[in-house]
Amino acid sequence: MGKCEIQFKADLENVSSLSVPADQDWTVFVKCSLCGEVHDKPVTMNESELLPLPPKGRTEANFVMKCKLCGRTSSMSIKSVKPYSASGEYQTVMTIDGRGFEVARWIPDRFVGAGVNDSGAEYEVEIEDLEDGWCDFDDRFDLPLSVLDIETRVI
Ligand SMILES: [Zn+2]
């Protein structure tokens with residue numbers, strides 16, 4: 001319960017950082033901290049969407065849901081989002097403050113990748129369908145691009 005961090009790890013080739021834009025959804029499986037139920041359907045939340053918290057609606061959170069098992073309404077707020085750049089190592093990409101919910105697992109599916117070639121030219125790529133890794137070839141710079149051996153964990 002409380003604060004948790006989503007960490008990501010991948011081997012990056014010619015991609016120096018991966019980021020999730022503020023208006024893009026994060027797909028996660030959540031666990032109720034009160035009854036321990038891990039909900040079997042993934043849910044989404046994003047940094048730019050704030051929802052009022054019942055009953056008074058004065059405070060806001062990025063995710064609000066009623067636990068289907070214990071019936072209590074709980075929430076999670078996104079505290080910080082950071083790009084991933086530590087190829088081959090785990091790095092925290094999101095910090096969450098959970099009030100009754102915690103993240104059991106994150107499913108990374110989309111990123112914006114950025115890189116710089118040997119002559120200093122910067123480029124950006126849309127990375128989608130990341131599940132089993134991602135490979136592409138940049139014709140303009142003649143560069144193979146890849147994001148492989150993807151792992152996530154929550155600490
Ligand atoms: Zn519950």
Per-bin percent of Cα-Cα distances, the chain [10 Å]: 11, 38, 29, 15, 6, 1
Cys residues of the chain counted as unpaired, since no other Cys beta-carbon is under 4.7 Å: Cys4, Cys135
Arg99 long-range amide H proximity, modeled H, under 5 Å: Ser75, Met76, Ser77
Rotationally averaged projected area of the stretch 2-49 (alpha carbon convex hull; nm²): 5.0
Magnitude of the charge dipole, the chain, Cβ model with Lys/Arg +1 and Asp/Glu -1, debye to 20: 1620
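For a quick check of your reading of the filter: which GluC sites (Glu not before Pro) in the stretch 1-68 sit in a DSSP loop and have no more than 15 other Cβ atoms within 10 Å?
Values: sites: Glu5, Glu13, Glu37, Glu47, Glu49, Glu60; in loops: Glu37, Glu47, Glu49.
In loop regions of the stretch 1-68 (DSSP not H, G, I, E or B), the sparsely surrounded GluC sites (Glu not before Pro) are Glu37, Glu49.
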Amide H partners (placed H, <5 Å) of Cys67, local residues excluded: Arg72, Thr73, Ser74
Lysine pairs within the chain, Cα separation less than 16 Å, 8 or more sequence positions apart or different chains: 10
Pairwise centroid distance, computed over Cα atoms, of the stretch 1-53 with the stretch 111-152, Å: 22
GNM flexibility winner over the chain from Met45, Met65, Met94 (Cα, springs under 10 Å): Met65
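Just so you know, all these numbers are worked out from the coordinates, no wet-lab data involved. Values in this document were obtained by computation on a predicted structure and should not be read as measured data. Don't worry about glycine lacking a Cβ; one is built from the backbone with ideal geometry, like all the others, and counts go over all protein chains shown.
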